[in-house]
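The values are calculated or read from the model by the stated rules, or taken from the named source; none is laboratory data. Just so you know, these numbers come straight off a predicted model, no measurement behind them. All Cβ positions, even for glycine, are placed from backbone atoms using ideal geometry, and neighbour counts span all protein chains on display. These area figures cover heavy atoms from the full protein model, side chains too; ligands, DNA and RNA do not enter into them. Shrake-Rupley method; radii C 1.70, N 1.55, O 1.52, S 1.80 Å.
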Amino acid sequence: MLHSSIVGGSTAKRVMNCPASVDLSAQMPAKPSSVFADTGTLLHNVIADCLNQTLPPEVFLGVKYNDITLTPELIADKLQPALDLLNEVDPDETMEYAVESRVSFGDVIHGAFGSTDLVARRGDCAVILDWKFGDGVIVEAEENEQLMYYTAAAMRTPGLEWVFDGATSIECIIIQPPFIKRWTTTFDRIRQFERELIYAVKLALGDRPPMKSGEHCRWCAAKPICPLMTGAVDRSLQSQIQAMDAAQLGEALSRADMLEGWISDLRGLALQVLETGGSVPGYKLVAKRATRKWVDEDAAKAALLKHLPESEVMESTVVSPAQAEKKLKKLKLGLPDGTVISVSSGSTMAVESDPRPAVLLIGQQLSAALSKLV
């Protein structure tokens, strides 16, 4: 898939916060693909085919992208939940939509384009929707630069006038199974975003674009050569990582190995402090992603056997809630009431701004409180 070299949906936040990152990123070698990226691409391709051809995801079992194959597990865990969440957006199935539309800013920002996962019109509301299939960071829709980029570009793209003509509001949506994030905004907010984007691109293409570090650096490919990251503020922005000789590269890698070990130990210590009831300013404990389990396998088996043959209910153990839900869906039935509970696999550390609630360490907090009474 082609990506804009100036600014795209996934880089809009970074470019607007750090215009200098455009030139720095251009100096970096192309980043190789990964299992996670290939899985995401496969799921995007299949869900687009499902919507374009009005076919269920099971039709595409075995389809591959690079070395990733569409499996029943990916359908049950990712594709079917995503399609179910789309039904929440369009419960009456009256929404008119277009899938994988190429959008661009035309002459306003030369070379700036992208591809919207789904643009739609529902009543007097224009809809811009983006699929996310990663399990890591939960992406919010409110003030999301990627969604605003796609919206602004779509508003300037010939052939998509029907999405916005006569609309009174815009809804930006992210479907990231099992979550759906929605944000309703205005045409004025999108135009303001476009002005800010245009200004950032002008700065990026200027002689001395400003440089700023922050949360937007997380996915920046130029971190290895960024003066703010390396501390070498006086390094020329034209320096290239390829220019390192073997000795410099070896020395840099040695420092990187030491730093990675230090960071790992630091995170481990911080997690230990939090798990024992202590506090680390700016961080908290949050529950890891919960997976559904049967409350009582025997009771679940009995309830499922009322609707499904034993061969579809029993494997070496009772099928998982996700697998059972998929089978019952064909019968237009839901999971039996009271048979499922979501159980987190433990706690992990996150920044305070993370949307997940903090874990309550009742045992440690109670012990601490009692110790003060002794």
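Once you have a ≥ b ≥ c as the square roots of the Cα gyration tensor eigenvalues for the range 172-234, tell me rounded if a/c is under 1.5, and otherwise prolate or oblate according to whether a/b is larger than b/c. Could you put the intermediate results ahead of the total?
Details: a/c = 3.99, a/b = 1.49, b/c = 2.67.
Since a/c reaches 1.5 but b/c is at least a/b, the shape of the range 172-234 is classed as oblate.
Along the axis of the charge dipole computed for the chain (Cβ charges of +1 for Lys and Arg, -1 for Asp and Glu, origin at the Cα centre), the listed residues 353, 280, 226 are led at the positive end by 280.
Here the chain is treated with +1 on each Lys and Arg Cβ and -1 on each Asp and Glu Cβ, and its dipole about the Cα centre works out to around 620 debye. Among the DSSP helices (H) of the chain, none spans at least 30 angstrom by Cα along its long axis with an average Kyte-Doolittle hydropathy of 1.6 or more; this is a geometric and hydropathy rule only. Relative contact order, percent, of the chain when contacts are C-alpha pairs under 8 Å separated by at least 6 residues? Normalised by residue count, the contact order of the chain is 16 percent.
Carbon-plus-sulfur fraction of the accessible area of the range 150-208, 1.4 Å probe, in percent? Can you show the working numbers first?
Working: 1540 of 3060 Å².
C and S atoms contribute 50 percent here.
For the chain, the solvent-accessible area works out to 58 Å² per residue, with a probe of 1.4 Å and every protein chain left in place. Remark: spin-label model distance residue 61-residue 23 equals 5.5 nm, labels positioned 7 Å along the Cα→Cβ axis. Label-to-label distance, residue 93 versus residue 333, with points set 7 angstrom from Cα along the beta-carbon direction: 2.2 nm.
Which net charge results when you count Lys and Arg as +1 and Asp and Glu as -1 among the other residues whose beta-carbon is under 12 Å from that of residue 16?
+1
Which loop-located GluC sites (Glu not before Pro) does the range 59-110 contain, where loop means any DSSP state but H, G, I, E or B and the Cβ has at most 12 other Cβ atoms within 10 Å? The partial results should precede the final answer.
Working: sites: 73, 88, 93, 96, 100; in loops: 93.
Filter output for the range 59-110: 93.
Potential lengthening of the chain between residue 168 and residue 356 amounts to 64.5 nm, from the contour at 0.36 nm per residue minus the alpha-carbon distance. Which one of 85, 55, 331 has the biggest mean-square fluctuation once the chain is modelled by GNM with Cα springs under 10 Å? Residue with maximal mean-square fluctuation among 85, 55, 331: 331.
Counting only protein chain heavy atoms and rolling a 1.4 Å probe, the accessible areas of 148, 229, 155, 28 rank, largest first, as 229, 155, 28, 148.
For the chain, would you read off the P(r) tail past 37 Å as a percentage of all alpha carbon pairs?
Numbers: 24665 of 69751 pairs.
Roughly 35 percent, rounded to a whole number.
What number comes out for the charge environment of residue 171, summing +1 per Lys or Arg and -1 per Asp or Glu over other residues with Cβ under 9 Å away?
Details: positive: 122, 182; negative: none.
Counting the neighbours of residue 171, the net charge comes to +2.
If you keep only loop residues by DSSP, which GluC sites (Glu not before Pro) in the range 276-337 have at most 16 other Cβ atoms within 10 Å of their Cβ? Of the GluC sites (Glu not before Pro), the ones in loops of the range 276-337 whose Cβ has at most 16 other Cβ atoms within 10 Å are 315.
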